[in-house]
Amino acid sequence: MGRLHACLYCERIGCWKIHMQSHIQQEGHIFAMDQHHFTVFCASCNDYVYDVDMERILAAEKCRMEIVVSQVKDPSTKRLKLNEWRPSIEEAQKLKAFSGPVLKCAGLRGLRNMGATCFMNVILQSLIHNPLLRLHFLSDRHNQNLCANRRVGKICVACEMDNLFTNFYSGQNTPYGPTSFLYSIWKTNSALAEYAQQDAHEFFIAVLNEVHNNCVGYENNLNSSNCPCVVHQVFCGSLQSEVTCAKCHNITSTTDPMLDLSLTIRHASKAKHSKTSRKKAAAAAAAAATVGLALPGSASATSASTSTPGDTAPNTADSCHLIECMERYFAAEKLTHYQCGNPACVLSIQLKRFEHSGQGSKVETFVKVPVELDMTPYTTRSVKTRTKRLKRESSGLSRKQSARSLVPFDSVNESIPENKYVLFSVINHQGGLETGHYTAFVKTRGQWFFFDDHNVQLASQRDVLSSNVYMCFYVRANYCMSPNSIVDVCGRTAPSTEYFEEEILASADVSPIRPR
């Protein structure tokens, strides 16, 4: 019968193939909206049409409804405040007078390799195309010309970040050499000094630490909580660890801030051994089931939610899924149980590919990374809710089994929109433990790009998902749906980097423009 369509002229709603097409012909109403995809059909064009205003309204309504649903499901969910900036007549006139022409492909620029600096280039590309950091620095929240650190002759990495955004959005497309940024990191972090191959994740943490110190105005611990700087507002979440006593079953909880997740990858050889062990365990469980027994740790004795995806669909010996790594990290069976008390706005994940024990080696196991990631099942509220439900539903289990099991997560009814993330950056490493090369995939304006130092190429999502991931970055999905909003991070109100609505500037008799 076709999808339901709603007439935009009257209250008529009907299936497309029969009722809506006849309604359009009889009444002469030419516009109807698809209630599934929310696209507008034009009878005059005989096709679905794209309207900018309609897309903005749809994006704003989706964002608003997801906020409402998240607050109803979890009132404790925290969120960065998004304010829509509307220029006054005076501000609009100044924007027209001082803003340059709209630049195409602004932000896409390669970085020169200045001698084994590919580790720095991939991190800088990921930070520059981070949507929340971009809004912060392009909104002039940290102006290098007004920085107090610069006035006293102090090195300021936050000013270097502002300088990077200025150069990337200057309209030039030739490769840029971030020499001053590299020099600043050398002066502030001696471990990363000199021309030598460094770890990209270590460089990432060093940059966040320096930007944090420069923003707060004094040397401070990067793991301090309730910090108003842009680093903590964007990257910081809370990680709750619970230690259970094996004798009295007393649980001690501690909540600490986290800037990233470092997940362990299972070796290909270990994964193969684990696969064989699971087959033997399944055979033993089947044999025990014939005589009415339940083996400890078998599916009949534990909850289905504690099993990894590999239990139902065994992976090949040389690959695994990111969800498996996360389930091992947040596993309820461990003595120390980690939970996400409040996920970050931008979730950065590092896969532990480098092992320095013994002779040292690199884990080459291929990790399948999802484009969309739901962190709801790993949050404290979800874990506690499912634990309580299990205790009510499984009175036959022992106390030890009940404390170490969870009911399966219902993604349809229990998922919270605020905890859904989309992938926007991936960092890869080719080579061994001592030598290698870093490259990056970054998504901007709905398109993936491949960055190999000064080379920038178009890429497909298939290329991204088939790469050997070392680090990946996710941003909350509903932040990508608010083009006219900015992040309210301790500072003065400033314009967003997206479009202005024409009716706002109409009163000032100026044409719509985009600021820097």
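The values are calculated or read from the model by the stated rules, or taken from the named source; none is laboratory data. Bear in mind the structure is a predicted one, so any value in this text is a computation, not a measurement. Cβ: placed from backbone, ideal geometry, glycine included. Neighbour counts: every protein chain shown. Areas reflect the complete protein model, heavy atoms only, side chains present, ligands, DNA and RNA absent. Shrake-Rupley method; radii C 1.70, N 1.55, O 1.52, S 1.80 Å.
Around Leu4, under 12 Å between beta carbons, what's the net of Lys plus Arg minus Asp minus Glu among the other residues?
Details: positive: Arg3, Arg12, Lys17; negative: Asp34.
That sum, taken over residues with Cβ under 12 Å, equals +2.
Using a 1.4 Å probe, what is the accessible area per residue for region 1-158, in Å²?
Numbers: 9010 Å² over 158 residues.
In whole numbers, region 1-158 has 57 Å² accessible per residue.
Along the Cα→Cβ direction, 7 angstrom out, place labels at Arg462 and Ile18. What is the inter-label distance in nm?
Here the modelled spin labels are 4.0 nm apart.
Distance from the Cα centre of region 225-242 to that of region 117-175, in angstrom?
21 Å
For Ile67 and Asn455, compute 0.36 nm times the residue count separating them, minus their Cα-Cα distance, and round to one decimal in nm. All intermediate terms of the calculation are to be shown ahead of the outcome.
Details: separation 388, 0.36 × 388 = 139.68 nm, distance 3.95 nm.
Stretched out fully, the Ile67 to Asn455 stretch lengthens by 135.7 nm.
Can you tell me the relative contact order of region 433-473? Whole percent, Cα pairs under 8 Å, sequence separation 6 or more.
It rounds to 25 percent for region 433-473.
At a 1.4 Å probe radius, carbon and sulfur cover how many percent of the accessible area of region 1-64? Display every interim value, and only then the final one.
Details: 2310 of 4270 Å².
The C+S portion of the solvent-accessible surface of region 1-64 is 54 percent.
Take the residue pairs Lys73/Lys388; Lys388/Lys420; Lys73/Lys420; Lys73/Lys368 and return only those whose Cα atoms are more than 19 Å apart. Working shown, then result.
Details: Lys73/Lys388 16 Å; Lys388/Lys420 24 Å; Lys73/Lys420 14 Å; Lys73/Lys368 30 Å.
Beyond 19 Å: Lys388/Lys420; Lys73/Lys368.
What percentages make up the Cα-Cα pair-distance distribution of region 164-259 when the bins are 10 Å wide from 0?
P(r) over region 164-259, rounded to whole percents: 13, 31, 30, 16, 7, 3, 1.
When N counts the residues of region 1-157, how does its alpha-carbon radius of gyration compare numerically with 2.2 N^0.38 Å, as a ratio?
Numbers: Rg = 24.3 Å, N = 157, 2.2 N^0.38 = 15.0 Å.
The value comes to 1.62.
For the pair Ser357 and Val422, how long in nm is the line joining their label points, each one 7 Å along Cα→Cβ?
4.0 nm
Roll a 1.4 angstrom probe over the protein heavy atoms and tell me the percent of accessible area of region 99-190 that is carbon or sulfur.
Details: 1910 of 3630 Å².
Here it works out to 53 percent.
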